[in-house]
Amino acid sequence: MARRGTWTAALRTPVGACSAVLLALVVVLSVLAPLLWGDGAAAIDTDAIGQGPSGAHPFGTDSLGRDLLLRTLVATRLSVGLAVLATAIGAGTGVVLGTLPAVLPRRAARLLIAVVDIAVAFPGLLLALFLAVIFGVGTHGAVLAIGFATAPAFARLVQTLSASVSGRDFVAAARIAGVGRIRLLVRHVLPNIGEPLVVNATIGAGSALLAFAGLSFLGIGVQAPDYDWGRLLREGLDGIYVNPAAALAPAAAVVLAGLAFNLVGETVAAVVGVRTRLTRRAAPPAPAERPALPEPPADAVLVVDNLRVAFPGPNGWTVPVRGVSFSVRAGEAIGVVGESGSGKSLTALAVSRLVEAPGVVTADRLEFAGKPLATASDRELGTALAMVFQDPMTSFNPARRVGGQLAEVSERHHGLSRRQAFARAVDRLAAVRVPAAERRARQYPHEFSGGMRQRAMIGMGLMGRPKLIVADEPTTALDVTVQRQVLRLLARTRETEGAAILLISHDIAVVSQTCERMLVMYAGRVVEDLPTGAPAQHPYTRALLAATVDLDTDRDRPLEVIPGRPPEPDQVPGGCAFAARCPLASDRCRTEDPVLEPAGKGHRVACWHPQVTVLSGQSHEEGAA
Ligand code: SF4
């Protein structure tokens with residue numbers, strides 16, 4: 001219904017209405033003109049040779065006395081038909097050339113991409129002329145020439161669109177699931193690039209029409225006794241001094257038909273674009289009713305209540321973070337753990353105000369240092385909230401020296417002079433144990449090792465007096481020794497600066513070592529909130545703990561794994577999202593969604609059958625589920 005409504009609205013616009021009228025005219029003439037006026041257009045009248053416009057012949061006659069208006073109308077079928085055929089050849093070849101690099105070996109793929117790049121650099125008509133000479137003079141040669149001349153542009157478009165779709169999570173998921181390359185292309189990539197291709201092909205048909213008229217005009221397109229608008233135009237130009245109107249009819253036909261294709265393309269593009277914009281403008285789905293967050297402590301530096309992050313998609317809103325609630329006290333270290341896609345990093349980005357449009361962040365409460373995060377100024381946030389990313393190489397500008405980048409924070413937020421700010425940068429680099437800090441401050445990021453870059457990133461956060469450091473997988477890219485150094489540095493920073501830490505990690509062992517409290521996320525929700533070291537009660541937390549490897553792990557036993565995969569954010573099932581992977585799942589689990597309930601001091605769990613029996617290595621507490 002929405003699709004039909006969008007089309008109706010588009011056709012009511014001046015461009016939409018014109019395109020519909022012109023297209024209908026072109027189609028009707030293509031079908032009916034040869035049937036109605038074919039004989040009249042071919043009738044030779046030796047008494048009316050080379051006449052100018054008259055009541056009987058509005059555009060005059062040709063050198064055999066044939067009516068030029070009728071011939072122009074009859075030529076519609078051949079002119080438009082050949083243009084559509086050439087466009088189909090171009091689009092088909094382009095799709096093949098554009099998708100082949102994805103399935104060919106790397107070298108062959110590169111070669112093909114290079115060939116397409118070179119072909120795109122040629123002007124289209126020039127390439128068509130070159131190919132027309134190769135394929136031979138005549139209708140067939142011209143169709144092939146124009147078709148293959150337009151193929152490189154289609155191929156380039158397909159390559160670009162495919163590359164953008166290939167990076168999306170569902171393609172990665174299909175690849176990991178073992179879907180073959182060709183199937184991946186046909187089932188997952190091509191269906192998602194169809195709409196822009198159709199828009200481009202429609203506009204391309206207009207260009208093909210002009211190119212065809214050009215080739216026929218030059219005498220290498222349609223040959224006698226057949227005729228299209230290009231040939232009529234050429235014949236008209238031959239007698240332009242005797243009958244100027246003779247060239248007018250085919251020229252007007254070329255312009256009007258070209259305009260029809262272009263306007264149809266514009267209308268289709270508008271419908272596709274409007275649909276996307278409408279989807280984006282619609283409000284994200286209303287949050288489900290959740291129990292309110294317990295009153296946060298008075299010294300809470302961060303309060304998050306019912307946080308949701310939503311992104312618009314072609315089929316509606318996807319909500320990867322679905323009602324997350326927690327608070328962080330001043331100086332507290334909290335870890336957020338979960339598998340990829342659990343929503344932990346998006347939660348970190350949302351509390352750092354780094355979710356970019358078209359993502360939408362909503363929350364019942366989202367407060368930092370007692371103020372709504374949405375209204376905090378950049379200046380306040382810039383010095384009080386520090387962010388440490390997984391890959392500091394991408395967080396530093398590779399073209400600027402490290403010290404200058406750190407100093408910029410103090411120049412901007414503390415009003416220090418350049419010299420003072422640089423001195424502070426050197427001091428902060430020394431504070432995070434970067435050796436020879438003054439010399440290092442004058443170096444570029446690529447001259448730092450991975451661990452040193454991460455320390456410099458933490459040093460950048462310490463240019464102000466941060467109340468909260470959000471560290472998103474800060475040790476994932478580092479080896480174990482450096483990982484330990486960075487974690488120690490975070491802990492020391494917490495002690496010396498009094499900063500709270502929100503540590504995002506997929507590694508539950510890292511969080512256990514560094515944090516006092518742990519939030520376990522699954523499918524965009526917190527499923528357990530527990531003090532580190534307390535017995536885990538949620539089956540997912542227990543499975544994560546069981547899959548953790550340490551020096552005490554029995555090497556003779558196979559590693560524990562959690563079967564299955566987390567659901568995609570847009571395919572979260574009803575009931576408990578973990579039910580499909582949970583050994584304790586009951587009928588209730590599959591239909592009712594458990595909410596986060598108190599489960600002991602400082603402990604909350606979202607599970608219908610929490611397990612109170614502890615895992616080995618933890619203090620034992622008996623209880624019934
Ligand atoms: S609610 Fe049921 S399915 Fe979900 S984790 Fe608990 S026991 Fe497993």
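Within region 134-157, count every residue that is touching a residue at least 24 places away in the same chain (Cβ under 8 Å) and more than 31 Å from the chain's Cα centre (by Cα).
The number of residues fulfilling the criteria is 9.
Which of the residues that make up region 601-612 are away from the ligand (no atom under 13 Å from the Cβ) and in a strand (DSSP E or B)?
604
What single numbered condition from (1) free of Cβ contacts under 8 Å to residues at least 24 places away in the same chain; (2) surrounded by 19 or more Cβ atoms within 10 Å (Cβ to Cβ) fails to hold for residue 237?
Condition not satisfied by residue 237: (2).
Only residues that are polar (S, T, N, Q), at pLDDT 80 or above and over 18 Å from residue 335 (Cβ atoms): list them for region 458-507, please.
496
Has region 46-68 got any residue that is under 53 Å from the mean Cα position of the chain (by Cα) and modelled with pLDDT of 85 or more?
yes
For region 474-550, which fully contained strands (runs of 3 or more DSSP E) count at least 3 residues that are within 16 Å of the ligand (Cβ to nearest atom)?
It comes to 517-522, 525-531.
Within region 378-428, how many residues turn out to be modelled with pLDDT of 80 or more, part of a loop (DSSP other than H, G, I, E, B) and touching an Asp or Glu at 6+ places or on another chain (Cβ under 8 Å)?
1
Filter region 328-360 for residues that are aliphatic (A, V, I, L, M) and part of a loop (DSSP other than H, G, I, E, B) and give the result.
Residues satisfying the conditions are 330, 354, 355, 357.
Which of (1) at pLDDT 85 or above; (2) in contact with a Lys or Arg (Cβ under 8 Å, 6 or more places away or on another chain) does residue 347 not meet, given it meets every other one?
(2)
Which pairs have Cβ atoms under 9 Å, sit 6 or more apart or on different chains, and link a residue in region 404-420 that is more than 14 Å from residue 441 (Cβ to Cβ) to one that is of a type in the set (Val, Ile, Thr)?
413/383; 414/383
Which condition from (1) crowded, with 20+ Cβ neighbours inside 10 Å; (2) assigned to a helix (DSSP H, G or I) is the one that residue 84 breaks?
If we test residue 84 against (1) crowded, with 20+ Cβ neighbours inside 10 Å; (2) assigned to a helix (DSSP H, G or I), just (1) comes out false.
Can you pull out every residue in region 585-600 that is surrounded by fewer than 16 Cβ atoms within 10 Å (Cβ to Cβ) and near the ligand (Cβ under 9 Å from one of its atoms)?
586, 588, 590, 592
Does at least one position in region 450-463 carry a residue that is assigned to a helix (DSSP H, G or I) and more than 24 Å from residue 384 (Cα to Cα)?
yes
Yes or no, residue by residue, for (1) farther than 30 Å from residue 242 by Cβ; (2) hydrophobic (A, V, I, L, M, F, W, C):
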{"residue": "55", "(1), (2)": "no, no"}
{"residue": "82", "(1), (2)": "no, yes"}
{"residue": "96", "(1), (2)": "yes, yes"}
{"residue": "140", "(1), (2)": "yes, no"}
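Would you check if residue 558 is within 16 Å of the ligand (Cβ to nearest atom) and modelled with pLDDT under 90?
Against the criterion (within 16 Å of the ligand (Cβ to nearest atom) and modelled with pLDDT under 90), residue 558 does not qualify.
The values are calculated or read from the model by the stated rules, or taken from the named source; none is laboratory data. Remember, it's a predicted structure, so these values are computed and weren't measured experimentally. FYI the Cβ positions are ideal-geometry reconstructions off the backbone, even for glycines, and counts take in every protein chain you see.
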